[in-house]
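The values are calculated or read from the model by the stated rules, or taken from the named source; none is laboratory data. What you see is a predicted model, and the numbers here were worked out from it, not measured in a lab. Note that we place each Cβ from the backbone using ideal geometry, even for glycine, and neighbour counts take in every protein chain shown. Quick note on the areas: whole protein, heavy atoms, side chains included, nothing else; ligands and nucleic acids left out. Shrake-Rupley method; radii C 1.70, N 1.55, O 1.52, S 1.80 Å.
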Amino acid sequence: KRPEMPSNKKSFQNSTPGIAPILLLVFVFLSGCGLRQSDETKPSAKALADTAVYRDGIGREVELPKRPLRIVSLAPSVTETIYLLGAQDRLIGNTTLCTWPEAAKQVPKMGTLLSPNYEIILAAQPDLVIASTAGNDENSVRGLAELGVPVYVVAPRNVQSIFQTVENIGRITDCSEEGVRLLAEMKERLDRIKARLEGLPPVRAFFITWFDPLLTPGKITFENDVLSYANVQSITADVPQFYPRYSLEQVLIKDPDVILTIEHKGDPLPPFKRTAGWKDLRAVKTDKVFFLSEYLQHPSPLFVDGVEDLARKLYPERFK
């Protein structure tokens, strides 16, 4: 699965500057803030009249029901957060890329990450649609809002704003208490990782977002901030573009300690040890090429799983 990142379409980003704990959270979904069996799935006139105005991640003011009953997610990270908050019983639609947890695959599909299907969404009559700057196409989302659909946009551009996104989604779905608990769990796990890595010098890494063409996270992307929580210094953290094209020559000049990547369908990686140029890198010569969990690229609570996976691979002696 390709990460949530800009494509050739106009994205928001171009226009605006342990697995076990997570599975435990999945196990307690039913104790979250989803509907009980006696609840209605259609918003009543009274429910729709009880509204509040929220400012979303791109500065828009959006009027929403205080307890939305028909929610559509336009991004995998949003879907993941909704499930972890326990609001999945009110999720009536998501995208073709929303595949976690397994149950999310069965939710009616309302288009792709970049091209939401207006007709299907309008017919579903949602009282809340949640979009994200991490992957959704700006024009598509604004077009949906212009049709009168209540669209709230989250903007997870770094770890702190991922925290804010979790809090915001909790608030607008009437799951504030669950959001606070989820956020506390995320921060506690990150603090435990930091404590284990205390005193170690950072590892210099080149992160391959996409191999052909060669793309890497730049200065204002959440990936580079996420990497820092595993004591990793990205060699492209100072590049001003979001996901710049990078050349092998540039990688050779900086000669990182490690190469980090995620295998994506449709983007095969070469055998680095037998590939011209790549085989000359220190990281390749010393077997420091690491294939990571895709959750590292999810700006949802699952990114913590990705950080734990990376830290264990880089510093196994600290996780015995």
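Which of rounded, prolate, oblate describes the range 111-231, given a ≥ b ≥ c as roots of the alpha-carbon gyration tensor eigenvalues and a/c under 1.5 marking rounded, otherwise prolate only if a/b is larger than b/c?
Values: a/c = 3.63, a/b = 1.51, b/c = 2.40.
Judged from the Cα gyration tensor, the range 111-231 comes out oblate (a/c at least 1.5, b/c at or above a/b).
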Checklist line | Sequence-separation-based contact order of the range 143-184, relative, with Cα cut under 8 Å and 6+ spacing, percent | finding: 24
Margin query: How large is the translational diffusion coefficient of the chain in µm² per second when you combine the Kirkwood radius over alpha carbon pairs with Stokes-Einstein at 4 °C and 1.567 mPa s?
Written below: 63
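With each run of n ≥ 4 DSSP H residues scored as -39500 (n - 2.57), what mean residue ellipticity at 222 nm is computed for the chain after dividing by its residue count and rounding to the nearest 500 deg cm²/dmol? Mind showing how you got there, number by number?
Values: 12 runs with 109 residues, N = 320.
After summing the helix terms and dividing by the residues of the chain, the value is -9500 deg cm²/dmol.
Which percent, nearest 5, of DSSP beta bridges in the chain are antiparallel? Write out the running numbers ahead of the final one.
Working: 10 of 30 bridges.
That works out to approximately 35 percent antiparallel.
How big is the convex hull of the Cα atoms of the range 172-215, per residue, in Å³?
121
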Notebook entry, point to check: Over the heavy atoms of residue 83, what accessible area does a 1.4 Å probe trace out, to the nearest 10 Å²?
Noted result: 10
Next item on the list: Mind putting together the pair-distance distribution for the range 167-269? All Cα pairs, 10 Å bins, whole percent per bin, short to long.
Entry: 14, 34, 28, 20, 4, 0
Check: So which GluC sites (Glu not before Pro) in the range 258-312 are both in a DSSP loop and have at most 16 other Cβ atoms within 10 Å of their Cβ?
Finding: 263
Check: Contour minus end-to-end for residue 123 and residue 247, with contour as 0.36 nm per residue of separation and end-to-end as the Cα-Cα distance?
Finding: 40.0 nm
Next item on the list: Using only the C-alpha atoms of the range 124-173, find the volume of their convex hull and express it per residue in Å³.
Entry: 71
Check: If amide H atoms are built 1.01 Å from N in the plane of the peptide, which residues on other chains or at least 5 residues away come under 5 Å of the amide H of residue 292?
Finding: 261, 262, 263
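Using 25 Å as the Cα-Cα cut-off, could you pick out the over-long pairs in 279/320; 265/313; 187/265; 273/320; 273/313? Intermediate results must be reported in sequence, preceding the final value.
On the way: 279/320 31 Å; 265/313 22 Å; 187/265 31 Å; 273/320 29 Å; 273/313 19 Å.
Pairs exceeding 25 Å: 279/320; 187/265; 273/320.
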Notebook entry, point to check: Based on the Kirkwood radius over alpha-carbon pairs, what is the Stokes-Einstein translational diffusion coefficient of the range 221-290 at 4 °C with 1.567 mPa s viscosity, in µm²/s?
Noted result: 98
Next item on the list: With N set to the residue count of the range 200-320, report its C-alpha Rg divided by 2.2 N^0.38 Å to two decimal places.
Entry: 0.99
Check: Hey, what do the phi angles of the range 137-154 turn into as Karplus ³J(HN,Hα) couplings, whole Hz, using 6.51/-1.76/1.60 and θ = phi - 60°, x for Gly and Pro?
Finding: 7, 4, 5, 5, 5, 5, x, 5, 5, 5, 7, x, 7, x, 9, 10, 9, 9
Item checked: q = 0.14, 0.18 Å⁻¹, the range 90-173: log10 I(q)/I(0) [Debye, one scatterer per Cα] -> -0.48, -0.81
Notebook entry, point to check: Lone cysteines in the chain, going by a 4.7 Å Cβ-Cβ cut-off?
Noted result: 98
Next item on the list: Please give every one of the aspartates and glutamates within straight-line cross-link reach of residue 285, meaning a C-alpha to C-alpha distance under 16 Å, and leave out same-chain neighbours fewer than 8 residues apart.
Entry: 255, 257
Note to self: With a 1.4 Å probe and all protein chains kept in place, how much accessible area does residue 110 have, in Å² rounded to the nearest 10?
What the structure shows: 10
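With a 10 Å radius around each residue's Cβ, average the other Cβ atoms per peptide and rank 127-134, 243-250, highest first. Don't jump to the answer; show the numbers that get you there.
Values: 127-134: 27.2, 243-250: 15.1.
Top of the packing list down: 127-134, 243-250.
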